[in-house]
Number of protein chains: 2
Amino acid sequence: MAGNDNTVREPGRYAYDGLERLLHERARLSILASLAAHADGLLFNDLKSLCSLSDGNLSRQLQTLHEAGLVEVWKGFKKNRPQTLCRISEEGRRRFLEYVTVLENVIADAARQKPAAASDGNHLPRGVAPT
Amino acid sequence: MAGNDNTVREPGRYAYDGLERLLHERARLSILASLAAHADGLLFNDLKSLCSLSDGNLSRQLQTLHEAGLVEVWKGFKKNRPQTLCRISEEGRRRFLEYVTVLENVIADAARQKPAAASDGNHLPRGVAPT
């Protein structure tokens, strides 16, 4: 019967507190994953392409991540043209790896799920009716 | 040098389009993971506890997921008290598993990352300076 599972007695069992919005938001997750995979950094335009983000959105998200200390932003020139180089900070790498550990828990939970029940309502508790 | 990696030539490589906001938002992800692990459904209060959500937030998120067809919401009585039973729908389970597949890609990408570079800027391209 519903509600009799042991895990129901573990408050917050599926709260996933580690999925903090700063890293979990898709655009920022995308940026951090790109930069984590490129330790030497990525030029703004390459990062934009890898993440499929607009100039404006990437700029905004980079600023947020920079202010939080998760990424470094470097201004310079390459072939006489101004360039922006983005790199994950040590703190950013640490926080990203912690975040990924929580994702692994989500996946482990999903892997443990029971097979889908029939959805005809026949095994619902007595007196329970669909809304 | 930054920007010379092969993956830079794959636009959208880290865009993770499958992380759609409907499922990716933490409270809703928490609800779906709980329900996926309890195929027979969970009573509202048990779900609230497992996800560490307030009554109001859980109600709102359930309504969003219900409207999207990902969860079923059943009203009934148990021991003469009105109860709400929540259950993941077949569509919800399918979408959740698709979502988890994308999470697995994020983790695989994170596992492939190179070791952190030194952060003293010594290997930056010529002319690049910190902001």
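The values are calculated or read from the model by the stated rules, or taken from the named source; none is laboratory data. Just so you know, these numbers come straight off a predicted model, no measurement behind them. Counting neighbours? That spans all protein chains shown, and the Cβs are built from the backbone with ideal geometry, glycine included. These area figures cover heavy atoms from the full protein model, side chains too; ligands, DNA and RNA do not enter into them. Shrake-Rupley method; radii C 1.70, N 1.55, O 1.52, S 1.80 Å.
I need the full set of residues from segment A:65-88 which are over 25 Å from B:R112 (Cβ atoms) and in a helix (DSSP H, G or I), in order please. Please lay out each step first, then the result.
Kept after step one, since they are over 25 Å from B:R112 (Cβ atoms), are these residues of segment A:65-88: A:67, A:75-83.
The one that is over 25 Å from B:R112 (Cβ atoms) and in a helix (DSSP H, G or I): A:E67.
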Fill in: Neighbours by Cβ (under 8 Å, 6+ apart or cross-chain): first from segment B:84-105, within 25 Å of B:S59 (Cβ to Cβ) and facing chain A (nearest Cβ under 7 Å); second assigned to a helix (DSSP H, G or I) and among the aromatic types (F, W, Y)
B:L85/B:F44
Practice prompt. Can you tell me which residue among A:V73, A:V102 is touching a helix residue (DSSP H, G or I) at 6+ places or on another chain (Cβ under 6 Å) and surrounded by fewer than 18 Cβ atoms within 10 Å (Cβ to Cβ)?
Written response: A:V73
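Would you pick out the residues in segment B:42-52 that are more than 20 Å from B:Y99 (Cα to Cα) and open to solvent by less than 30 Å² (accessible area, probe 1.4 Å)? Explain how you work it out, then say what you get.
Here is the first cut: in segment B:42-52, the residues more than 20 Å from B:Y99 (Cα to Cα) are B:42-50, B:52.
Result: B:L42, B:L43, B:L47, B:L50.
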Discussion item. I'd like to know if segment B:26-39 contains one or more residues that are free of Cβ contacts under 8 Å to residues at least 40 places away in the same chain, surrounded by fewer than 22 Cβ atoms within 10 Å (Cβ to Cβ) and either over 14 Å from the mean Cα position of the chain (by Cα) or farther than 28 Å from A:L97 by Cβ (or both).
Written reply: yes
Item to complete: Among the residues of segment B:53-70, count how many are open to solvent by less than 40 Å² (accessible area, probe 1.4 Å) and under 11 Å from B:T84 (Cβ atoms).
Response: 2
Worksheet item: What is the residue count in segment B:30-40 for residues that are at the interface with chain A (Cβ under 7 Å from one of its Cβ atoms) and under 12 Å from B:R93 (Cα atoms)?
Response: 6
Worksheet, complete the sentence: When segment A:34-52 is checked residue by residue, the ones that are within 15 Å of B:P11 (Cβ to Cβ) and not in a loop (DSSP other than H, G, I, E, B) are A:S34, A:L42, A:L43, A:F44, A:N45, A:D46, A:L47, A:K48, A:S49, A:L50, A:C51
Worksheet, complete the sentence: Flagged in segment B:41-56 as facing another protein chain (nearest Cβ under 7 Å) and touching a Leu at 6+ places or on another chain (Cβ under 9 Å), in numbering order, are B:G41, B:L42, B:L43, B:L50, B:C51
Discussion item. For segment A:76-92, which positions are crowded, with 20+ Cβ neighbours inside 10 Å and within 17 Å of A:L22 (Cβ to Cβ)?
Written reply: A:C86, A:I88, A:G92
